[in-house]
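See structure below.
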Amino acid sequence: MATGVHHVEDVMGMAVSIHVRDDIDPGVISTVVAWLHHVDATFSTYKMESPVSQFGLGLISADQLSEEVRDVLTLCESLREETSGAFDIGCVPAPNGSTLDPSGLVKGWSIERAAELLEAHGATNFCINAGGDIALRGNAEPDQPWRIGIRHPTEPLASAAVLSLGGRAAIATSATYERGAHIIDPKTGEPTAELASVTIVGEDLTYVDAYATAVFVMGLNGAEWLLETHPELDAFVIGHDGLTWETPGFNRWRSS
Amino acid sequence: MPTPNDPYDDIVTPPVPDDRLSQLADRSAARPSELELNPPRHNGSKRRHAAKGSRSAALGLAVVSTLGMAAYLHQASQSSGSAATIASAPATTSTKKPFETKSLNDGVWNGDPSTNRWGLVQVAITVSGGKITAASAPLYPSDDNRSLSINRIAIPKLVQSTLTAQNGNVNSVSGATSTSESYQTSLQSAIDKSHAAS
């Protein structure tokens, strides 16, 4: 039986599962949960009073933003340039009425920071899952890496692949298999439809999550682009026709 | 010169206005009125399909890197003067097809083997209809991991397969579970519940 601490927090409009396998002070979980609520209050596009909403609506200027918000928005702009606009936080209508929505980066970024918080408080074996985007460290059991399933696009309770991830790893999946869910192509303003799901495996969830979104928008050529520009990352792509494509390095993560 | 006891250490420098962020704000603020002024066009319009648009964007990236290779090839096999012809060709053609070039002759062109800081390399391109249709590296360094990763960049290839369903035990699930509502019906939710019960 697993020891450690398990906690599920409903925050940022989703469930965040925190599984720590070390016997840490349960107060550490409260610290992580407080961080996630701080992120929600700061970056939410559902809260009109959040600094990001205020900035997106033109009510405050860039120099009135905190260093934290400026850093995140600047990183978003760098990613927009790098992905030729496939990752763009400034063009799709947000719930607050503006068209500034950094949620696509904030999720991965905040969970990676949460992982750093756990590490700083002595946790070495843990897995944080925020709505399907995962940052993990160490092992699930002694000498047994975390077994991570990639959701099958049409069979919600099955996996399309099962991976063994240990040490420091991050995995994010971009997909639209849920009713009403969609990802907009910033260039056309229309939902993207070429792929069923895109999974990226790497070390830092901040980038892994953003590139999953960008590749999903770019389509299959996006996976080729990622292979050329980011050989340190691996991708697993599922098409609507049941074909899959993966980077040559992806197979090493498969669980035997 | 700051000392370990610098009394000004605690003084926070006022943030400098960031042009990029201001532009971002302008861009996002301008959008709603643009949307009102320009309602979505109908099917008959010339708007490109989402996938096609991104495909050509990605293709553009590929052509840029291939052109870079073509310039290198030229430089390796001929004088450096004509390398500039290929490298500058995109700028002199029409803006509609910025990467089209008339300088390439059909055939398979091998670059001279050349030693770079990773070892001996040679690249080859196949030109058909004036366009580069294939590129390969007949000679490349393969001594260390760094070279291997460079080879992977030079000849990227995705591995194609057929989707199968796996039902093994997992600790966590990666997927687009975007809302709390959808989480309730997810495999991840079942995993979390089983841990809560143990």
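The values are calculated or read from the model by the stated rules, or taken from the named source; none is laboratory data. For clarity, every value in this text was computed on a predicted model and none was experimentally measured. No Cβ is skipped: glycine too gets one built from the backbone with ideal geometry, and neighbour counts run over all protein chains shown.
State which residue is farthest from A:Val11 (Cα to Cα) when the search covers only the stretch A:118-141 and only residues that are of a type in the set (Val, Ile, Thr) and under 12 Å from the mean Cα position of the chain (by Cα).
At the first step, the residues of the stretch A:118-141 found to be of a type in the set (Val, Ile, Thr) are A:124, A:128, A:134.
Imposing the further condition that a residue be under 12 Å from the mean Cα position of the chain (by Cα) reduces the set to A:128, A:134.
Working: A:Ile128: 13, A:Ile134: 15 Å.
Ranking the qualifying residues of the stretch A:118-141, first place goes to A:Ile134.
With respect to A:Ala175, is the statement that it is surrounded by 24 or more Cβ atoms within 10 Å (Cβ to Cβ), within 14 Å of the chain's Cα centre (by Cα) and facing another protein chain (nearest Cβ under 7 Å) true?
Answer is yes for this residue.
Can you name every residue in the stretch A:30-59 that is among the aliphatic types (A, V, I, L, M) and either touching a residue at least 60 places away in the same chain (Cβ under 8 Å) or at the interface with chain B (Cβ under 9 Å from one of its Cβ atoms) (or both)? Walk me through how you get there before you give the answer.
Step one: of the stretch A:30-59, the residues among the aliphatic types (A, V, I, L, M) are A:32-34, A:36, A:39, A:41, A:48, A:52, A:57, A:59.
Residues satisfying the conditions are A:Val32, A:Leu36, A:Val39, A:Leu57.
What tally of residues in the stretch A:72-89 results from selecting those that are over 18 Å from the mean Cα position of the chain (by Cα) and either buried (at least 20 other Cβ atoms within 10 Å of the Cβ) or facing chain B (nearest Cβ under 8 Å) (or both)?
Total satisfying the criteria: 2.
Quick check on the stretch A:199-207. Is at least one of its residues surrounded by fewer than 24 Cβ atoms within 10 Å (Cβ to Cβ), facing another protein chain (nearest Cβ under 9 Å) and closer than 24 Å to A:Asp88 by Cβ?
no
Condition first: in contact (Cβ under 8 Å) with a residue 40 or more places away in the chain, over 23 Å from A:Ser44 (Cβ atoms) and among the basic types (Lys, Arg). Now tell me which residues in the stretch A:101-156 satisfy that.
A:Arg147, A:Arg151
Quick check on my filter: what residues within the stretch A:226-252 are within 7 Å of chain B (Cβ to nearest Cβ) and either among the small types (Gly, Ala, Ser) or in contact (Cβ under 8 Å) with a residue 24 or more places away in the chain (or both)?
The first filter runs over the stretch A:226-252 and keeps only residues within 7 Å of chain B (Cβ to nearest Cβ), leaving A:227-228, A:231, A:238, A:242-248.
Answer for the stretch A:226-252, where residues must be within 7 Å of chain B (Cβ to nearest Cβ) and either among the small types (Gly, Ala, Ser) or in contact (Cβ under 8 Å) with a residue 24 or more places away in the chain (or both): A:Ile238, A:Gly242, A:Thr244, A:Trp245, A:Thr247.
Determine if the stretch A:199-218 includes at least one residue that is of a type in the set (S, T, N, Q) and closer than 12 Å to A:Ala175 by Cβ. Steps first, please.
Initial filter on the stretch A:199-218 (of a type in the set (S, T, N, Q)): A:199, A:206, A:213.
Of the ones still in play, those that are also closer than 12 Å to A:Ala175 by Cβ are A:199, A:213.
Yes, the conditions are met somewhere in the stretch A:199-218.
Residue-by-condition table, conditions (1) on the phi > 0 side of the Ramachandran plot; (2) crowded, with 24+ Cβ neighbours inside 10 Å; (3) in a loop (DSSP other than H, G, I, E, B); (4) in contact with a strand residue (DSSP E or B) (Cβ under 8 Å, 6 or more places away or on another chain):
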{"position": "A:Thr188", "(1), (2), (3), (4)": "no, no, yes, no"}
{"position": "A:Ser197", "(1), (2), (3), (4)": "no, yes, no, yes"}
{"position": "A:Val215", "(1), (2), (3), (4)": "no, yes, no, yes"}
{"position": "A:Asn221", "(1), (2), (3), (4)": "no, no, no, no"}
{"position": "A:Glu224", "(1), (2), (3), (4)": "no, no, no, no"}
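Go through the stretch A:76-185 and tell me which strands (runs of 3 or more DSSP E), entirely inside it, have 1 or more residues that are among the acidic types (Asp, Glu).
Values: elements: A:126-130, A:133-138, A:146-151, A:159-165, A:167-175.
Qualifying strands (runs of 3 or more DSSP E): A:133-138.
Being within 19 Å of B:Ser22 (Cα to Cα) and of a type in the set (Ser, Thr, Tyr) is the filter here, so list the residues in the stretch A:30-78 that pass it. Let's see the steps before the verdict.
Step one: of the stretch A:30-78, the residues within 19 Å of B:Ser22 (Cα to Cα) are A:42-43, A:45, A:50-78.
Answer for the stretch A:30-78, where residues must be within 19 Å of B:Ser22 (Cα to Cα) and of a type in the set (Ser, Thr, Tyr): A:Thr42, A:Thr45, A:Ser50, A:Ser53, A:Ser61, A:Ser66, A:Thr74, A:Ser78.
Taking into account only those residues within the stretch A:1-24 that are outside any strand (DSSP E or B) and in contact with a strand residue (DSSP E or B) (Cβ under 9 Å, 6 or more places away or on another chain), which is farthest from A:Asn125 (Cα to Cα)?
Going residue by residue through the stretch A:1-24, those that are outside any strand (DSSP E or B) are A:1-4, A:12-13, A:21-24.
Pick out the ones that are also in contact with a strand residue (DSSP E or B) (Cβ under 9 Å, 6 or more places away or on another chain) and you get A:2, A:4, A:12, A:21-24.
Values: A:Ala2: 12, A:Gly4: 9, A:Met12: 24, A:Arg21: 5, A:Asp22: 6, A:Asp23: 10, A:Ile24: 10 Å.
Within the stretch A:1-24, the match that is farthest from A:Asn125 (Cα to Cα) is A:Met12.
Does at least one position in the stretch A:53-66 carry a residue that is outside any loop (DSSP other than H, G, I, E, B), under 17 Å from the mean Cα position of the chain (by Cα) and either within 18 Å of A:Phe216 (Cβ to Cβ) or of a type in the set (A, V, I, L, M) (or both)? I'd like the intermediate steps shown before the answer.
Within the stretch A:53-66, the first condition is being outside any loop (DSSP other than H, G, I, E, B), and the residues that meet it are A:53-56, A:62-64.
Within this subset, residues satisfying the condition of being under 17 Å from the mean Cα position of the chain (by Cα) are none.
Within the stretch A:53-66, not a single residue is outside any loop (DSSP other than H, G, I, E, B), under 17 Å from the mean Cα position of the chain (by Cα) and either within 18 Å of A:Phe216 (Cβ to Cβ) or of a type in the set (A, V, I, L, M) (or both).
Residues of the stretch B:164-186 being at pLDDT 80 or above and facing another protein chain (nearest Cβ under 7 Å), which ones? Can you show your working first?
Filtering the stretch B:164-186 down to residues at pLDDT 80 or above leaves B:164-167, B:169-176.
Hits for the stretch B:164-186 are B:Ala165, B:Gln166, B:Asn167, B:Asn169, B:Val170, B:Asn171, B:Ser172, B:Val173, B:Ser174, B:Gly175, B:Ala176.
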